1. Going by amide H atoms built from the backbone, whose H comes under 5 Å of the H on Val209, apart from near neighbours?
2. In the range 154-389, how many lysine pairs have Cα atoms under 21 Å apart, counting only pairs 8 or more places apart or on different chains?
3. Pairing the Cα long axis of helix 40-49 with the longest principal axis of the chain, what angle in degrees results, from 0 to 90 and rounded to the nearest 10?
4. Report the FRET efficiency, 1/(1 + (r/R0)^6), for Ser67 and Glu125, where r is their Cβ-Cβ distance and R0 is 25 Å, rounded to 0.05.
5. Select from Pro251, Pro331, Leu216 the residue farthest towards the positive end of the dipole of the chain; place +1 on Cβ of Lys and Arg, -1 on Cβ of Asp and Glu, and compute about the Cα centre.
6. Given the DSSP H assignment, sum -39500 (n - 2.57) over each helix run of at least 4 residues in the chain and divide by its residue total; what's the result at 222 nm in deg cm²/dmol, nearest 500?
7. What number, in percent, do you get for the relative contact order of the chain if the mean sequence gap of Cα pairs under 8 Å and at least 6 apart is divided by its residue count?
8. Which ³J(HN,Hα) values, rounded to whole Hz and listed in residue order, are derived for the range 192-197 from phi using the Karplus coefficients 6.51, -1.76 and 1.60 in 6.51 cos²θ - 1.76 cosθ + 1.60 with θ = phi - 60°, glycine and proline given as x?
Amino acid sequence: MHVNYDPQISYECVQCGRSCFNRWDIGVEDSVAQALKGHQLELRVIQERGQAFRQGDDGQRIIYKDSDHPRCGFLKEDLLCSIHSDLGFEAKPLTCQQYPYVFVQTPDRQIHASAVYSCTAVREEIGPTLQESRESIEDLIRRGARVHRLDGNIEVLPPFETSYAEIQAYEAELNRKLGEMPISAAFEEAILGLANAISSLGQPDQESVLLEEGLLASSWGRAKLVPAAARSQLQLIKTILSMGLLKPCLPSQDREVWQKIDAAVLGDADLEIPDFNWHAPLSELDLWINEGVGHRFDAQIKRFQSSLLFRKAHLTMGGLLPGLMLVWIMPTVIRLLTGLHAWMEQNEPGLNNFLWGLETAETHLVGHTFDTVPVYQRAAWQAVSISRAYQL
């Protein structure tokens, strides 16, 4: 087993318990449920909330939570896991043992080990590097931790695919450009060039289309052909995409609020976001973000983007072009969440607001969901449409 460790990540559990009362489901293996059956830990949870587990939509058993009991029933008042405390680390569901690690295996059989920023220790860079914890991490993988496996060809933008060798060469050039120019500019070149290359292929009528060798490499040159008008259209996509991604991050998940956000972005209505006590034109929000948040958290955001690339988020979230859109848009979304959170607290944007924004973006847009994949794919096709419209 060959494991590469994300150099951006430090982690040591600070026992904050935050992952135990997030919105995501916690899967439970049959062996764990059987070990807990009739145990005082399970009986206590059943007494408190009627049941300890429920069946998920896919038939998997998961920890029971509801609106009255939003956190894991096995979490104690001191925010420690009762299963861990009474029965040991390996008695916990494998999902709990694995958190916050994320593992992706590429077609060359290498595993890329990173961690999600919904974890307090990861966000705040607490603990040893992942490399220093390699023994326990590799043991976890051997015991069956979830590994996202990329096999065979890699999606570029469905139905277009390419070989992993082409992807590796493309990644090498992307990393070179990231070292030569501002990160946002490098991603815009990548997106515009790749969208231009795909737009030249016409409308596919097959379920999968293997791109010809060298097309990804040639896309970097195509980016230089993009006129200013097309680049301004990409910035419009950026505004629409960032405000669209704000919606699943809202605590209330109120669909009427979503409609008001759309009305403000696509029309001239004021922007209303009751979750953050915001009611003013979108232009004022832009001003607040630019002047209040600005670039003060750029180093932390760049670290996050580097981790997303390391853990192959640009390949696992709907294809290469949608994945590039994801990594490109994250700074805008995180600054937006940071500014709104600070506005709600009626203070200048500070580190606590930023860490909340980073956690929220990771949780709802990247690391714990594939629900947003269609959003990134639609944005990618919009970029392709821009190229077609300008006949690039």
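1. Phe160, Glu161
2. Taking the Cα cut-off of 21 Å, the pair count is 10.
3. That helix lies at roughly 70 degrees to the long axis.
4. On the way: r = 34 Å, r/R0 = 1.36.
Step by step, r from the Cβ atoms, then E = 0.15.
5. Comparing the listed Cα positions along the dipole, Leu216 ranks first.
6. Values: 17 runs with 190 residues, N = 392.
Per the formula, -14500 deg cm²/dmol.
7. Numbers: 536 pairs, mean separation 70.5, N = 392.
Relative contact order comes out at 18 percent.
8. Couplings: 5, x, 5, 4, 4, 5 Hz.
Every number in this text was worked out from the coordinates using simple rules, so none of it is lab data. A quick note: this is a predicted structure, and the numbers were derived from the prediction, not measured. Neighbour counts run over all protein chains shown; Cβ positions are idealised from the backbone, glycine included.
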